[in-house]
Structures are given as structure tokens and as C-alpha cells.
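The values are calculated or read from the model by the stated rules, or taken from the named source; none is laboratory data. Predicted model, so just to flag it, every value in this text is computed and none were measured. Quick reminder, even Gly has a Cβ in these numbers, built from the backbone with ideal geometry, and neighbours come from all protein chains shown. Ligands, DNA and RNA are excluded from the accessible area calculation, which covers all protein heavy atoms including side chains. Shrake-Rupley method; radii C 1.70, N 1.55, O 1.52, S 1.80 Å.
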Amino acid sequence: MASTRYDLTREQLGAVLDGEPKYRLDQLWDGLYTQLADPVDVTNLPKALRARLESVLPSALTAITESVSDRGDTVKFLWELDGGSRVETVLMLYSDRATVCVSSQAGCAMACGFCATGQAGFTRHLTVGEIVEQVVRASQRAKQLDRRVSNIVFMGMGEPMANLGPVWTATERFHGDLGLSARHITISTVGIIPGIRSLATRALPVNLAVSLHAANDTLRDELVPVNRRYPIAALMDACEDYLDAKHRRVSFEWAMIDGVNDRDSDARELAVLCRRLSPHAHVNLIPLNPTPGYPTTGTPLRRVDEFRDLLESLGANATVRRNRGTDIDAACGQLAAGQPVTVKLDRKQLSRSVTAPRRGTRRGIWRAG
């Protein structure tokens with residue numbers, strides 16, 4: 001795989017500019033990271049040099065489609081990578097910030113059944129250049145709207161901790177070269193403990209988000225299969241150590257699934273975990289978004305609000321994340337890069353595979369994918 005323009009370090013770009021005056025490197029680096037320009041558009045470089053750089057420093061991303069929702073405030077980009085894999089990036093504009101949701105892998109191997117990316121399976125890791133360029137391209141789009149990207153969340157396709165080397169190098173570029181505060185960068189994980197512990201030793205105080213979804217091992221084993229390897233008790237130890245090292249808030253992502261993890265007992269179990277990290281734990285409640293491979297529906301909004309109120313009465317900090325871009329499959333858990341998601345069991349088989357409802361549930365989980 002050939003290196004692309006954002007894969008290269010300053011030193012490596014300097015080698016590309018061998019024979020040119022030394023100040024050309026500063027001009028090119030500023031053009032790529034401050035002007036957010038393609039090499040051919042860095043106008044303080046000679047025209048012949050720009051043309052050569054455009055050829056030897058190819059783009060990592062080929063635009064396939066761009067989908068717009070929420071009256072233009074949510075934009076989903078579909079990119080094709082070298083080799084044909086595809087990934088998606090989402091730009092979300094709010095009154096007080098502009099956030100890019102970036103992918104770290106093509107597909108995902110974590111096999112969370114309610115997530116479209118997990119349903120599609122894993123293809124490959126993304127390179128530093130492929131990660132960085134997603135943010136640059138989204139920043140170019142925001143710039144057209146007189147907005148500046150202020151926040152980055154690694155909550156797109158893939159498990160960031162399974163590709164931590166490139167993810168971290170990209171994070172350093174976002175901070176050092178694109179000028180984003182580390183406090184406005186969030187790296188998520190389904191609970192890969194070695195990744196959390198590695199993150200705690202690194203220099204930048206980024207935010208940590210854990211896709212929790214269940215507060216007991218029996219249910220989480222079912223919803224998030226990696227829990228069988230990294231159970232909740234060990235995961236909480238790692239989160240506590242991260243707090244001690246970084247003094248940054250830990251967020252727990254909780255996709256609310258009707259009749260599965262939205263009971264009062266679930267709230268009580270979750271509150272116990274939050275109080276252990278109090279006041280630095282925060283719960284993001286996310287009504288489950290529809291995906292083809294997971295027929296169980298999201299919790300009704302009224303019950304989501306009741307669940308939040310119960311959590312707060314039990315001493316946990318919680319907010320409800322209102323979905324953005326659901327109609328263009330850009331919301332949490334919906335990114336699949338246009339890949340077909342296959343339900344491995346037909347409806348008749350699914351009806352025989354429903355888990356026996358636990359006490360207090362309204363229905364079981366349909367096993368699919």
C-alpha cells in the first residue's frame with residue numbers, strides 16, 4: 001500500500017522535497033494542516049512543484065457519496081480506500097461546536113449484534129493517513145459553511161483500541177498540527193483493557209468513552225462478546241486507573257434496547273458502577289438505532305427519560321443523546337459503509353431463537369447475524 005499525503009511525518013515529507021529550499025517543507029506542512037489544502041492548491045509553492053506533489057502524495061480517500069440530514073447539520077461521507085474497502089465519516093454541526101465522528105477500521109471484529117458495523121464484519125485497519133484525512137475532508141466541508149471543527153470522536157466504524165498505534169499517531173496530529181485541544185478528542189472502546197491501560201500512559205489527556213450497554217456480565221456477554229475476555233470488574237479497574245492517571249471524565253455509552261437493558265434493575269446496577277467513579281463518570285443514553293441485522297427495537301423515548309431520571313436519583317450523571325442523521329444511516333451504530341448486512345437466520349428460525357425473557361423484560365433478544 002503506497003503512502004498517502006497524511007501518512008507521512010514531517011521528516012518523510014522533507015525527503016519528498018529533497019533538493020528544494022528548506023522553507024518549502026514549512027509551506028507544504030502549513031498548507032496541508034492549517035490551510036486544509038490539497039498540494040495542488042498550496043499557492044505559495046511553485047506551480048510545477050504543486051503538480052509534482054499532487055502526483056507523489058496521493059489522497060487516501062476517494063469520495064463515493066455524501067448524504068445530508070438535519071437541514072444540513074449532519075453530513076455523512078462514504079469513502080473508498082486503496083484496495084476497495086469503504087468507510088464512513090460523519091460531520092455534525094451544533095450551535096456551539098462542530099464534531100467529526102471518525103472511523104478507525106474498515107468494518108469491526110467485535111461482533112456486537114446491534115451495531116451495523118459489527119454485523120458487516122472486519123476488513124482491515126486504517127492507516128494514519130486514512131484516519132487523518134477523514135478529519136481534513138470533513139473540516140474542508142465545515143469550512144465551506146464558515147465553521148471550524150472543534151471536536152473529534154473515534155466512534156465511527158471499527159474498534160479504536162484494536163488499531164491504537166495509528167489511532168494515537170492520528171490523535172497527535174489532530175492536537176499538534178490541526179490545533180485541536182486534547183480535551184475535545186474522545187477515543188472509544190467496547191472495553192479492550194490493554195488499550196485503556198496503554199492510553200493511560202500516553203501524554204495527551206484525551207477523553208475515554210466505553211461502550212458499556214450492560215452492567216452485569218451475563219447480559220454484557222450477550223450484547224458485547226468481548227466482555228467474556230474482559231469482564232466488567234476488570235474493565236472498571238482499568239477505567240478507575242485511567243481516571244487516576246488523566247483526571248478526565250469517563251463516559252459510558254448505553255444503547256437502550258427495548259425490554260433488554262432498560263429496566264429499573266439495569267439502572268440500579270449501572271448507578272453502582274458510576275458511583276465508584278463519581279463524580280467523573282457520565283452516562284450517554286442512546287435509544288437503539290435501527291439496523292437490518294438486529295430486529296429488536298430501541299427503547300421508547302418516554303422510557304429513556306424515565307431511565308435517565310432514575311439514574312440521576314441514584315447518584316449517577318446521565319444525559320440522553322438525541323440521534324442525528326438516522327434517516328441517512330449516520331447515527332450511532334448505523335455505519336456500515338454501504339455493505340450489505342445479512343441476517344443469517346430467516347424469520348421463522350429467528351422466532352425459534354429468541355432468548356427466554358428474563359424477569360421484568362417485555363421481550364427477549366432476537367439472535368441475528
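Working only within segment 209-229, note down all residues that are closer than 26 Å to Ile152 by Cα and open to solvent by 20 Å² or more (accessible area, probe 1.4 Å).
Ser211, Val226, listed by residue number.
When you scan segment 1-71 for helices (runs of 4 or more DSSP H) that lie fully inside it, which ones turn up with 3 or more residues that are over 30 Å from Ala106 (Cα atoms)? Steps first, answer last, please.
Numbers: elements: 10-16, 23-33, 47-56.
Filter on segment 1-71 gives 23-33, 47-56.
Can you confirm whether Val272 is in contact with a helix residue (DSSP H, G or I) (Cβ under 7 Å, 6 or more places away or on another chain) and closer than 20 Å to Gly315 by Cβ? Please lay out each step first, then the result.
Details: in contact with a helix residue (DSSP H, G or I) (Cβ under 7 Å, 6 or more places away or on another chain): no; closer than 20 Å to Gly315 by Cβ: yes.
No, not satisfied.
Under 7 Å between Cβ atoms, at least 6 apart or on separate chains: pull out the pairs that start in segment 17-42 with a residue that is without any contact (Cβ under 8 Å) to a residue 40 or more places away in the chain and open to solvent by less than 30 Å² (accessible area, probe 1.4 Å) and end on any residue that is assigned to a loop (DSSP other than H, G, I, E, B) and not charged (D, E, K, R).
Listed pairs, sorted by first residue: Leu28/Leu17; Leu28/Val42; Leu28/Leu45; Gly31/Ala37; Gly31/Val42; Pro39/Leu57; Val42/Gln35.
Sort out which residues of segment 145-154 are surrounded by fewer than 24 Cβ atoms within 10 Å (Cβ to Cβ) and out of contact with any His (no Cβ under 8 Å at 6 or more places or on another chain), and write them in order of number.
Leu145, Asp146, Arg147, Arg148, Val153
Of the residues Tyr230, Tyr242, which is of a type in the set (Ser, Thr, Tyr), within 21 Å of the chain's Cα centre (by Cα) and over 21 Å from Gly118 (Cβ atoms)? If you could, list the steps in order and put the result at the bottom.
On the way: Tyr230 fails: over 21 Å from Gly118 (Cβ atoms).
After ruling out the rest, the residue left standing is Tyr242.
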